[in-house]
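The structure appears right after this line, and notes come after that.
Just so it is clear, none of the values below were taken in a lab; they were calculated from the coordinates. These figures come from a predicted structure and were not determined experimentally. A quick note on method: Cβ atoms are made from the backbone with ideal geometry, for glycine too, and the neighbour counts reach across all protein chains shown.
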Amino acid sequence: MTINLPARTTDTLSVFISGSIAIRHLSSAVTARIAAIVERDLPVLIGDARGVDNAVQRLIAERGTTNVTVFCADGFPRNNVGDWPVRNIAGEGRHGTAAFHAVKDRAMAVEAGAGLVIWDGRSRGSLANIHRLCARGCFVAVWLEREGRFENLNSDEARAAFVARYPSCAH
């Protein structure tokens, strides 16, 4: 299975994988996309939250992936299944809030060359990550959990259409 990422070298393309904390299990389609990322040994940037972050961490740890950086905002990660290197990005606002943890998401979106977002259609943080990546013109594969399908945002037109359907939220 191909991941449909833009043609870049593995030296320059890191993939920011994020998603909703309400999603604790990954579909076979999402697992296949992540397997393609791992097979290409693309650097993975991932957060430390429960839900998708933790599920993806478990999956890629089982596959023996080492090309991973876990981002956290609290000095040490809440989850780091593979004992990978950690980047602490100082949180802003009240400790433990979404705003506190959004700082690390913004940092990952700036560093990433592409994104994979597993979205339940409700998570404001996941939608904000999609918007951040789209604003930079990155390829973003969005798994729409409710619809059970991917939407590949691989052109300016596709990114603009998605952003128009799902306006930004303050996060």
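How charged is the neighbourhood of Met108? Take every other residue with its Cβ under 10 Å from the Cβ of Met108, and add Lys/Arg as +1 and Asp/Glu as -1.
+2
Go through the stretch 108-171 and name the trypsin sites (Lys or Arg not before Pro) that are in a DSSP coil and have 12 or fewer other Cβ atoms within 10 Å of their Cβ.
Arg122, Arg146
Relative to the compact globular guide of 2.2 N^0.38 Å, what is the alpha carbon radius of gyration of the chain, as a ratio?
Against the compact-globule rule of thumb, the ratio is 0.94.
Hydropathy at least -0.5 by Kyte-Doolittle, axial extent at least 27 angstrom from the Cα trace: which helices of the chain, defined as entire DSSP H runs, fit?
TM-like helix candidates: nothing returned.
Using a Gaussian network model of the chain whose springs link C-alpha atoms within less than 10 Å, name the residue from Asp120, Asp53, Asp83 with the highest mean-square fluctuation.
Maximum fluctuation in the GNM of the chain, among the listed residues, is at Asp83.
Give me the net charge of Gly19's neighbourhood, meaning all other residues with Cβ under 9 Å from the Cβ of Gly19; Lys, Arg count +1, Asp, Glu -1.
-3
Can you tell me the Rg and Dmax of the stretch 10-97, counting just the alpha carbons, in angstroms?
Values for the stretch 10-97 (Cα only, Rg and Dmax): 12.8, 39 Å.
Taking the Cβ of Leu144 as the centre, find all other residues whose Cβ is under 14 Å away and add up their charges (Lys, Arg: +1; Asp, Glu: -1).
+1
Please get the size of the charge dipole for the stretch 34-171, origin at its Cα centre, with Cβ charges of +1 on Lys and Arg and -1 on Asp and Glu, quoted in debye to the nearest 20.
300
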